[in-house]
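Reading through the structure tokens given below for one structure.
The values are calculated or read from the model by the stated rules, or taken from the named source; none is laboratory data. Remember, predicted model here, so these are calculated numbers, not experimental data. In this analysis, Cβ positions are derived from the backbone assuming ideal geometry, glycine residues included, and neighbour counts consider all displayed protein chains. These area figures cover heavy atoms from the full protein model, side chains too; ligands, DNA and RNA do not enter into them. Shrake-Rupley method; radii C 1.70, N 1.55, O 1.52, S 1.80 Å.
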Amino acid sequence: MGPNEFDPQRSLQVLHMTVFSQSFSPCGKFLAAGNNYGEIGVFSLSAALGPEATEDSKTPIVTFKAHDGPVYSLLSTDSQLLSAGNGEVRAWNWAELVKKGSKAVWSRKPQYKTSLEVPEINAMIINTKDNSLLMAGGDNKIHVMDLESGDFKMVLEGHSDYIHCLALRDSAGECLSGSEDGAVRIWDFRTGRQVHSIEVFKYQECSRPQYGKYISCLTTDSDWMLCGGGPSLSLWHLRSVTPTTVYPVPGCQREACFHQDLVLSVGDGPFVSHCHLSGDVKARIPCTPPSLYSMRLNYSSQEHRVLSVAGSSGKIDIFTNFGYRAFSLTFT
């Protein structure tokens, strides 16, 4: 089939596409996005944001099959793009990807109980202090891998159900994890032991039994933590382990972050919510996907400083001014 010929099967795939994960390149000029078909698309922000941008500039410069199942998580190091799918993490050199190459440079699987167990890995984070990669998902555990050697050096166990999200608290040498079991667990990097468990759903101001108790988004800033999911999106002071602010954002939130004096979040519904730290909703900005799974801020390049939002669509919304959608990148 020629490059310009209509492919009905691909059109159906794009129609039913969900983009679960995103990561900007170290230089900030490219965006990688992973979808439910195991594909990674690499988009050029330089081309899409340029004065001579066309619709073709907003399509991938390369799309390749990375995993047999969905690409649940993407993460960039100084030189590589890491992708996680069902039971496995793979690495791709950014320098080769932008030249349209797509050969994995390494692949690692955590040690699971049986060879038949293939739990999805949908959260990854890097601890730069010891150059380790933390990954978590369907086996309820956090696996810690040395990025230099590729060896798995620690397993953090304590959750009784699927882990959705991870966050670091560098100032205290701690890792936080949010799970389907309703708890945010705090772990000490040095010992690998749990130091605290916060059952968010048991706090009346956060509890929303109609949505469940799971924690699907989690982020930290020094002594502060944002978390949400079944329970309301809420801001916590970690030293006192108390919720200080509950945000009146409808639906379950899947991603949240601090940005200047605001809290940004996405989840059920086609909106990016902007909230003041005090709890007021400042704005809800419309998006293209009807439900949102991923939100990323590009801090790597001042010239390409954008917010990207993706979800149950083949389109990834790009915000140059965070108050409105500038355009969409599109899988083809």
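Here are the numbers for this structure:
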quantity	calculated
When each of K129/K315; K58/K103; K113/K153; K103/K129; K58/K100; K58/K129 is checked by Cα-Cα distance, pairs over 25 Å	K129/K315; K103/K129; K58/K129
Inverse of mean 1/r across different Cα pairs in region 76-157, Kirkwood, Å	13.2
C-alpha center-to-center spacing [region 231-258, region 153-197] in angstrom	18
Where N is the number of residues in region 239-293, Cα Rg divided by 2.2 N^0.38 Å	1.15
Ordering of 62-70, 192-200 by packing [mean C-beta count within 10 Å, highest first]	62-70, 192-200
Fraction of accessible area attributable to carbon and sulfur, the chain (%, probe 1.4 Å)	47
Relative packing of 108-121, 170-183, which averages over residues the other C-beta atoms within 10 Å, highest first	170-183, 108-121
Surface accessible to a 1.4 Å probe, per residue, for the residues of the chain, Å²	44
Region 60-74 versus region 3-40: alpha-carbon centroid distance in Å	7
For region 43-192: Kirkwood Rh in Å [reciprocal of mean 1/r, alpha carbons]	16.7
Top of R190, R90, R296 by mean-square fluctuation, Gaussian network on the chain, Cα under 10 Å	R190
Estimated D of region 59-119 in µm² per second, where Rh is the Kirkwood radius over Cα pairs and Stokes-Einstein applies at 37 °C, 0.692 mPa s	263
Projected area averaged over orientations for region 139-251, convex hull of C-alpha atoms, nm²	7.2
Kirkwood Rh (inverse of mean 1/r, distinct Cα pairs), region 274-332, angstrom	12.3
Cα point-scatterer Debye curve for the chain, base-10 log of I(q)/I(0) at q = 0.06, 0.11 Å⁻¹	-0.20, -0.69
Ratio Rg/Rh [Cα only; Rh per Kirkwood] for region 204-332	0.97
Highest average packing first - 249-256, 93-100, Cβ atoms within 10 Å	249-256, 93-100
Region 1-121: Cα Rg divided by the 2.2 N^0.38 Å rule of thumb	1.13
Cα-based convex hull volume of region 194-270 per residue, rounded to whole Å³	94
